[in-house]
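First comes the structure, then the notes that go with it.
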Amino acid sequence: MSSANGQGIAHGVEVMRAAKAAVRTAIESRLAGMTTENKAEQSQQVLRKLLQHPSYVRSTSVAVFLSTAAEVDTRPVLAALFSSGKACFVPRYAYGKAAKERTAKGLPGMEMVLLRDMQDFEALPTTPWGIPQPAMDEPRHQPGQGGLPPLDLVLMPGVGFTTRGDRLGHGMGFYDKFLAALPAPKPATIALAFREQVVDELPTTDRDYTVDAVLTAD
Ligand SMILES: Nc1nc2c(c(=O)[nH]1)N(C=O)[C@@H](CNc1ccc(C(=O)N[C@@H](CCC(=O)O)C(=O)O)cc1)CN2
Ligand SMILES: Nc1ncnc2c1ncn2[C@@H]1O[C@H](COP(=O)(O)OP(=O)(O)OP(=O)(O)O)[C@@H](O)[C@H]1O
């Protein structure tokens, strides 16, 4: 067995990394070929399914990713959350110097912070990766703090998914680590995906979080 020694394990990690990278590239090129209209149409259908999903209906505190052009559009989800009075949290990941500082302090690379309303969203700066998010040095409430409810639902971004809930992210492990660090009971997890992101099989390890549901257009 090659994994009986350290070299074998290192080799396995490298093979897994390469396998994930290959699937990521294949799905990303499919996404790049989608029209804006197709993405809008699918996003609308996914939104409709989300708003009817039992985990969404009973949620009081939801983490939403702020979508890029290669992801299901989550803007209407923000609007729905604000109008229903559910608490809305968005991911804030550290990059550059802040990332090194947080790692050195043993802090997680990503946290969820409160988003108050649509104006708050419109005013957000964007990261070098093109994602809107509150500045790292701006104090923001987190779930379970200051009288805010803990998260009961996390909407999951990702590059690829299987119908069983396997997930392939962008390779930074942010969501895997974030969910692993949360105490039980863990929030429900729902991935929002274009049909182009769903595949039969994904390379996964026991660290990859399996989501409860993957919502796609019909
Ligand atoms: N809309 C949205 N927001 C999100 C995520 C997401 O997937 N979608 N994330 C989900 O986790 C977190 C951000 N994820 C990120 C993943 C990769 C890189 C990044 O810099 N990628 C570089 C390579 C970096 C490196 O290897 O050093 C790149 O691809 O060029 C940045 C943020 C939090 N917010
Ligand atoms: N719970 C964890 N604790 C520590 N390291 C982890 C954990 N989960 C994942 N990692 C590490 O993070 C790195 C990236 O993981 P992976 O390639 O699975 O990211 P991903 O799920 O595709 O990306 P993301 O979650 O950021 O969208 C890997 O080296 C992995 O071992």
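The values are calculated or read from the model by the stated rules, or taken from the named source; none is laboratory data. The shown structure was predicted, so the numbers you read here are calculated from the model rather than taken from an experiment. Cβ: placed from backbone, ideal geometry, glycine included. Neighbour counts: every protein chain shown.
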Of all residues being surrounded by fewer than 17 Cβ atoms within 10 Å (Cβ to Cβ) and under 24 Å from residue 44 (Cβ atoms) in the stretch 173-198, which is farthest from ligand 2 (Cβ to nearest atom)? Just the residue, please. 195
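When only residues in the stretch 170-207 that are under 24 Å from residue 54 (Cα atoms) and of a type in the set (D, E, K, R) count, which is nearest to ligand 1 (Cβ to nearest atom)?
To start, the set of residues in the stretch 170-207 that are under 24 Å from residue 54 (Cα atoms) comprises 175-176, 178-180, 182-195, 197-198.
Remaining after also requiring of a type in the set (D, E, K, R): 176, 186, 195.
Working: 176: 9, 186: 17, 195: 18 Å.
Here the residue is 176.
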The lone exception for residue 147 - which of (1) away from ligand 2 (no atom under 15 Å from the Cβ); (2) farther than 24 Å from residue 49 by Cα; (3) within 17 Å of the chain's Cα centre (by Cα) it fails: (3)
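Residue-wise test of (1) modelled with pLDDT of 95 or more; (2) touching a helix residue (DSSP H, G or I) at 6+ places or on another chain (Cβ under 6 Å).
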site	(1), (2)
142	yes, no
151	yes, no
159	yes, yes
165	yes, no
172	no, no
186	yes, no
194	yes, yes
Single residue of the stretch 151-172 satisfying the filter (touching a Lys or Arg at 6+ places or on another chain (Cβ under 8 Å) and touching a residue at least 60 places away in the same chain (Cβ under 8 Å)) that is surrounded by the fewest Cβ atoms within 10 Å (Cβ to Cβ): 171
Inspect the stretch 19-41 for any residue being farther than 17 Å from residue 170 by Cα, more than 16 Å from ligand 1 (Cβ to nearest atom), in a helix (DSSP H, G or I) and in contact with a helix residue (DSSP H, G or I) (Cβ under 8 Å, 6 or more places away or on another chain) and give the result as yes or no. no
List the residue pairs whose Cβ atoms are under 8 Å apart, where the first residue sits in the stretch 14-38 and is more than 17 Å from residue 208 (Cα to Cα), the second is charged (D, E, K, R) and in a helix (DSSP H, G or I), and the two are 6 or more positions apart or on different chains. 27/196; 30/196; 31/196; 34/196
